[in-house]
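The values are calculated or read from the model by the stated rules, or taken from the named source; none is laboratory data. Given the structure is predicted, the values throughout are model-derived calculations rather than measurements. Glycine gets a Cβ as well: all are built from the backbone with ideal geometry, and neighbour counts include every protein chain shown.
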Amino acid sequence: MKPLVVVTGKNGQLGWELEQIHADHSSEFDFLFIGRQEMDLSNSVSVEAFFTKYQPQYFINCAAYTAVDKAEADKETAFYVNAVNVGLLASLCLVHQCRFISFSTDYVFDGNTQTPYLPDDATNPLNQYGLSKREGEKLALQNNPLSVIIRTSWVYSSHGNNFVKTMLRLMNERPEIKVVADQIGGPTYARDLAVAVIKIIAEMHSGNPHAGIYHYCNSGIISWHQFAVAIQQLSGLNCKVLPITTNEYPTPAKRSHYSGLDTSKIVADFNVIIKPWQESLQECLKLLL
Ligand SMILES: NC(=O)c1ccc[n+]([C@@H]2O[C@H](COP(=O)([O-])OP(=O)(O)OC[C@H]3O[C@@H](n4cnc5c(N)ncnc54)[C@H](OP(=O)(O)O)[C@@H]3O)[C@@H](O)[C@H]2O)c1
């Protein structure tokens with residue numbers, strides 16, 4: 001029998017991308033994709049029953065409370081889904097001898113630096129979403145030291161809600177748009193991250209014992225404004241993209257000015273490939289235009 005890989009959050013960006021590529025790996029693994037309808041992660045009874053019934057060998061938790069601004073007013077739900085639930089899943093994986101992979105965010109950092117963050121650098125989240133994700137990292141590793149936590153940033157895909165799709169919509173509707181130029185970070189094409197996750201599972205299955213916190217994003221660190229300019233140029237849309245400051249675009253959740261992630265540890269430990277952000281953006285735009 002092939003090992004079973006369970007993926008939560010099948011309707012989100014990353015879960016959906018994993019479902020798109022899973023057929024390429026169906027000779028090595030069986031896959032089960034689940035959404036909120038199949039398993040509500042805020043209900044611990046259904047989660048426990050699920051493990052007993054399916055006995056997965058790999059559990060990839062792509063489900064999360066990802067509404068960064070909404071989390072400021074709804075922190076209880078954000079903490080339940082991103083912290084309590086992640087800790088519970090990690091414990092159940094330990095009990096059922098299942099490797100656990102979950103995802104975190106660049107928002108665990110405060111941005112008071114100018115060089116890419118390493119996984120062991122001190123954290124200091126500036127908003128409730130970042131706090132909930134940081135708590136989830138801690139609980140997962142406390143409850144199950146074999147957990148792999150992948151911090152990622154600025155995730156986009158041809159599916160779901162994200163910056164790339166919002167920019168294309170606005171650029172189609174308006175002659176000019178204003179985009180924040182003083183927040184710097186690394187875009188991540190969810191398809192690339194999905195490929196990296198499958199590689200990590202394959203490595204684990206061949207006995208790779210590495211665990212802990214990792215960083216994954218495409219290579220190259222840019223501002224949201226630079227990202228928007230690239231989207232405009234590659235899509236050929238007739239729209240001016242003007243730079244503004246964070247102060248000119250206030251949001252309920254505070255964002256850091258710098259959130260570059262150093263990805264060298266994930267490359268060294270799991271042999272994953274990191275593509276340049278421009279190449280990945282072009283690939284995604286081919287599906288959207
Ligand atoms: N998006 C980003 O820019 C970004 C940046 C840094 C880190 N990350 C992290 O990367 C991971 C993947 O993100 P993503 O962009 O793929 O997220 P996403 O598109 O927002 O998808 C999240 C999924 O989680 C599901 N979910 C939420 N609460 C649930 C619950 N109580 N029970 C079951 N399912 C629930 C949602 O279901 P519904 O569809 O039913 O709502 C949704 O399908 C997450 O851990 C996220 O925190 C994302």
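Do we have residue 35 as of a type outside the set (D, E, K, R), near the ligand (Cβ under 8 Å from one of its atoms) and surrounded by 22 or more Cβ atoms within 10 Å (Cβ to Cβ) here? Talk me through it step by step, then tell me what you get.
On the way: of a type outside the set (D, E, K, R): yes; near the ligand (Cβ under 8 Å from one of its atoms): yes; surrounded by 22 or more Cβ atoms within 10 Å (Cβ to Cβ): no.
In short, no.
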Could you check, for region 247-254, whether at least one of its residues is assigned to a helix (DSSP H, G or I), out of contact with any helix residue (DSSP H, G or I) (no Cβ under 6 Å at 6 or more places or on another chain) and surrounded by fewer than 17 Cβ atoms within 10 Å (Cβ to Cβ)? yes
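Of the residues that sit in region 1-32 and are among the small types (Gly, Ala, Ser) and more than 9 Å from the ligand (Cβ to nearest atom), which one is nearest to residue 65 (Cα to Cα)? Before you say what the answer is, go through the steps one by one.
In the first step, residues of region 1-32 are kept if they are among the small types (Gly, Ala, Ser); the result is 9, 12, 15, 23, 26-27.
From what's left, more than 9 Å from the ligand (Cβ to nearest atom): 23, 26-27.
Details: 23: 27, 26: 29, 27: 32 Å.
So the residue we want is 23.
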Selection from region 1-49 of residues in a helix (DSSP H, G or I), hydrophobic (A, V, I, L, M, F, W, C) and touching a residue at least 24 places away in the same chain (Cβ under 8 Å) yields 14, 16, 18, 21, 47
Going through region 205-260 in order, the residues found to be aromatic (Phe, Trp, Tyr) and modelled with pLDDT under 95 are 249
Listed by range, helices (runs of 4 or more DSSP H) wholly within region 59-177 having at least 1 residues that are touching a residue at least 60 places away in the same chain (Cβ under 8 Å), more than 13 Å from the ligand (Cβ to nearest atom) and buried (at least 22 other Cβ atoms within 10 Å of the Cβ) are 163-173
Notebook entry, point to check: Is there a residue being within 26 Å of residue 189 (Cα to Cα) and of a type in the set (Gly, Ala, Ser) anywhere in region 39-60?
Noted result: no
Within region 194-210, is there a residue that is within 16 Å of the ligand (Cβ to nearest atom), among the basic types (Lys, Arg) and in a helix (DSSP H, G or I)? no
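So, in region 1-24, of the ones that are of a type outside the set (A, V, I, L, M) and over 21 Å from the mean Cα position of the chain (by Cα), which residue ends up surrounded by the most Cβ atoms within 10 Å (Cβ to Cβ)? Full working, then the answer.
First pass over region 1-24, keeping only residues of a type outside the set (A, V, I, L, M): 2-3, 8-13, 15-17, 19-20, 22, 24.
Next, from what is left, pick out any that are over 21 Å from the mean Cα position of the chain (by Cα): 2-3, 24.
Numbers: 2: 12, 3: 16, 24: 10.
Looking at the filtered set, the residue picked out is 3.
To keep it simple, each residue is scored yes or no on (1) touching a strand residue (DSSP E or B) at 6+ places or on another chain (Cβ under 6 Å); (2) surrounded by fewer than 17 Cβ atoms within 10 Å (Cβ to Cβ).
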{"site": "189", "(1), (2)": "no, no"}
{"site": "204", "(1), (2)": "yes, no"}
{"site": "212", "(1), (2)": "no, yes"}
{"site": "245", "(1), (2)": "no, yes"}
